[in-house]
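Worksheet: one structure, shown below.
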Ligand code: HEM
């Protein structure tokens, strides 16, 4: 119970501490049987074998009350069919088409920021930006007027989710009061927004090649379409928005990184060059390095779990095997893995340059799992379907905004992490357009 309370109070700190005990650590979380995995090789093995290590965990079950049987939570043949259905929306030609939307939305934000002297909450701004991009690209809809309601509902879902999954009862989601009741109410609010979105599209009766069009012209029934929309909406916007907020926080604290982004955008010919060249891999190496380093230190999907379908053993390299029972939950904390002192030099430091240096010069360029414990998008069959979408969006939004507006953080802010399903900052991140003279020049 001691460790369960600690995990409830401070999941990241507790798991960072657990990591110091070794690569595979059984946690004392009675009544739960949980083994924490910090070893890149074991994580690779587990995430590449979805039949032996399933999504049949308690966390996934609670998530299912929100996401139903959507792409993130479905398993087996049903998952395969849904992944196949959604895949065309994430292929290269579609990504190229999204570039224009990502760029337009980023330019609109830059224009609005330049016109205000009010402080901006960067987390709220990035939530709005990511929501607009996701809804326009994936659903061909602006979700006009619904962003605030969606944010509010999402905030309540995340806060109550974390409290529920660490409650030492069998079915926390079935409790009629407390966090479970808040959770259910917030789900109904999201359901209403999604029902509106689908009804709007059906009424419009339009064609298209966006994801909503694909679903509406498939054999999915209304409930399955609802599950897919909610899953994609939340998976696409919440994660990317948090990544962008953490990136801003670092760019405003590390002027060298910000300057490197501005310099490479200037070399491309300014924000218009970003539009033209950004889909090309390697066009904005510093921007990509800032994104990679942000996802290392603040992975928005900070952990995932799998349930063992049968008893067996795990084999961390250089250590003795660890037995697991049927039903043991394997918890992979990406946040801790990404900060392991065994794998990273100065693991807590923000050093985007490490992604541009070869291992012989102390960098990690070219390394991936299983050599490097870096898994912001997961791996294996269930790897994030939106990883290219997210990195493209982050690249375009950061490059466009950073080269168009001069921001400064409001002083004396204490910002820390609020881990729930995603890794959010624990409150607003206030910044202000810092120098009207400079931003006027940048706009030109
Ligand atoms: C920085 C942004 C993002 C991060 C860090 C992230 C992270 C992840 C991770 C770690 C997983 C695997 C979960 C597991 O194995 O348990 C995942 C799955 C998924 N992500 Fe993302 N994601 C991001 C952006 C997006 C975007 C933009 C979309 C959609 C446009 C998206 C849609 C999904 C979906 C549908 C799945 C489930 C895939 C499946 O199981 O087949 N994500 N994401």
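Note on region 1-63: Cα-only Rg and Dmax are 12.6, 33 Å.
A simple spin-label model places pseudo-atoms 7 Å from Cα toward Cβ; at residue 221 and residue 358 they are separated by 5.9 nm. Taking every DSSP beta bridge that has both ends in the chain, the antiparallel portion is near 85%. With contacts taken as Cα pairs under 8 Å at a separation of at least 6 residues, region 1-61 carries a relative contact order of 23 percent.
When both region 172-195 and region 75-90 are represented by their alpha-carbon centers, they are found 27 Å apart. Its Cα gyration tensor gives the chain an equivalent ellipsoid. The semi-axes, each the square root of 5 times an eigenvalue, are 33, 28, 21 Å from largest down.
Set the Förster distance to 35 Å, then compute FRET efficiency between residue 345 and residue 315 from the Cβ-Cβ distance, nearest 0.05. Rounded to the nearest 0.05, the efficiency is 0.85. Relative contact order of region 2-443: 26 percent, from C-alpha pairs under 8 Å at least 6 residues apart in sequence. Among 414-427, 370-383, sorting by the average number of other beta carbon atoms lying within 10 angstrom of each residue, highest first, gives 370-383, 414-427.
Readers should treat all values here as calculations from the given coordinates under stated rules, not as data from a laboratory. These figures come from a predicted structure and were not determined experimentally. Please note: Cβ atoms are built from the backbone with ideal geometry, for glycine as well, and neighbour counts cover all protein chains shown.
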